[in-house]
Amino acid sequence: MAEEESQFEEFEQIDFLRDRHVRFFQRTLQVLPERYASLETTRLTIIFFALSGLDVLDALDVIDRKTMIEWIYSLQVLPTEDEANLSRCGFRGSSHIGIPYSTKGPGVLHPYDSGHVAMTYTGLCSLVILGDDLSRVDKQACLAGLRALQLEDGSFYAVPEGSENDIRFIYCAASICYMLDDWSGMDMQKAIEYITGSLSYDNGFGQGAGRESHGGWTYCAIASLCLMGRLEEALSQRELDRIRRWCIMRQQSGFHGRPNKPVDTCYSFWVGATLELLDVFQYTNFDKNRSFILSTQDRLVGGFAKWPDSHPDPLHAYLGLCGLSLIGEPSLRKVHPALNITQRAFEHVQQLQQTWRESAGSCGRQH
Ligand SMILES: [Zn+2]
């Protein structure tokens with residue numbers, strides 16, 4: 001019996017290929033396949049998947065943090081001397097438009113240069129993961145850039161020129177305000193109204209009113225309300241119970257994002273984290289979930305794919321790890337379900353906020 005148990009343990013350890021995943025994310029930071037060329041404008045998001053993935057794997061020591069922090073700061077859209085571009089500030093996704101490399105202000109005026117709300121979110125997360133104190137983030141410029149992206153209906157554009165506007169970008173905006181500890185970047189009430197208006201007849205959330213329920217948008221809705229501290233106020237107990245039910249019904253083996261769709265690794269995080277935020281994740285089947293995620297693990301190059309026998313990619317590799325972390329996979333750091341970074345990185349954010357509040361308090365007393 002003892003022998004059987006030890007064999008089983010050995011099997012478990014072999015099955016989750018931690019070191020391959022570490023190498024997968026290291027490669028993601030260095031070189032990407034040609035087919036990723038079209039994602040160049042959103043490179044910072046791919047970097048976030050790799051950095052946060054390494055953090056979940058407790059392997060951040062394999063990267064040069066200082067260089068990475070400098071590169072991320074070089075993507076900050078800083079105000080020009082006359083602040084004419086204040087409503088365009090935030091973080092850009094990469095150096096693709098050719099703004100000269102600089103980590104210091106003032107910014108350079110360029111007609112196509114602006115932050116992108118998802119890049120600002122993943123940029124701030126990445127800095128926090130790397131242990132930076134955010135002291136070089138121009139918070140007021142980021143918040144001004146954010147305010148300029150909110151529409152009358154409460155949703156957000158991704159960029160000032162206009163783009164799709166929906167609940168995903170509300171989530172990015174909520175995460176930015178939460179991390180910067182300043183909600184002046186949005187009209188929170190309007191954002192809440194957009195979110196509650198996106199609750200569909202079948203009790204999941206769509207991208208907007210009247211649109212199909214989806215696991216990803218449901219995550220964005222619930223996580224945003226949690227970050228705002230307004231979950232119980234915005235939704236009734238009855239609505240919350242129905243949302244819980246809709247989410248629980250998404251488990252097949254792993255999770256799918258919509259009824260009658262195949263299961264996909266990323267929903268082990270999107271739906272799993274939503275259920276965790278709604279305090280009912282424990283009622284799902286962890287063993288089936290784990291088996292599905294591990295069936296999408298690439299045993300040769302590391303990472304996870306969306307389906308078994310498919311190619312791994314940074315998004316599914318990262319969210320697969322987060323899905324495993326939520327069900328308590330040993331050797332993985334715990335993930336904060338609302339901010340989608342490790343609990344360790346989340347605690348760093350809290351410490352920073354504590355020091356900001358203390359220094360704001362002492363300034364207040366001096367004046
Ligand atoms: Zn997916």
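The values are calculated or read from the model by the stated rules, or taken from the named source; none is laboratory data. Quick caveat: nothing in here was measured; it's all calculated off a predicted structure. Please note: Cβ atoms are built from the backbone with ideal geometry, for glycine as well, and neighbour counts cover all protein chains shown. Keep in mind that these areas ignore ligands, DNA and RNA; they rest on the heavy atoms of the full protein, side chains included. Shrake-Rupley method; radii C 1.70, N 1.55, O 1.52, S 1.80 Å.
Some notes on this structure:
- Euclidean distance between Cα centres, the range 212-271 to the range 297-342, Å: 18
- Accessible area of the chain belonging to carbon and sulfur atoms, whole % at 1.4 Å probe: 51
- Note: the range 246-330, Cα convex hull, 83 Å³ per residue.
- Taking every DSSP helix (H) stretch of at least 4 residues in the chain, weighting each as -39,500 (n - 2.57) and dividing the sum by the residue count yields a mean residue ellipticity at 222 nm of -15500 deg cm²/dmol.
- Per DSSP, loop GluC sites (Glu not before Pro) in the range 146-225 with at most 10 further Cβ within 10 Å: Glu152, Glu161
- Amide H contacts for Asp166 (H built 1.01 Å from N in the peptide plane; partners 5 or more residues away or on another chain; cut-off under 5 Å): Phe156.
- For the chain, the Stokes-Einstein estimate of translational diffusion at 20 °C and a viscosity of 1.002 mPa s comes to 101 µm²/s, using the Kirkwood hydrodynamic radius over alpha-carbon pairs.
- The lysines within cross-link reach of Lys139, meaning a Cα-to-Cα straight distance under 25 Å and a gap of 8 or more places when in the same chain, are Lys66, Lys104, Lys190.
- Projected onto their three principal axes, the Cα atoms of the range 95-180 cover extents of 36, 31, 21 Å, largest first.
- Heavy-atom accessible surface of the range 86-161, averaged per residue, reaches 40 Å², computed with a 1.4 Å probe.
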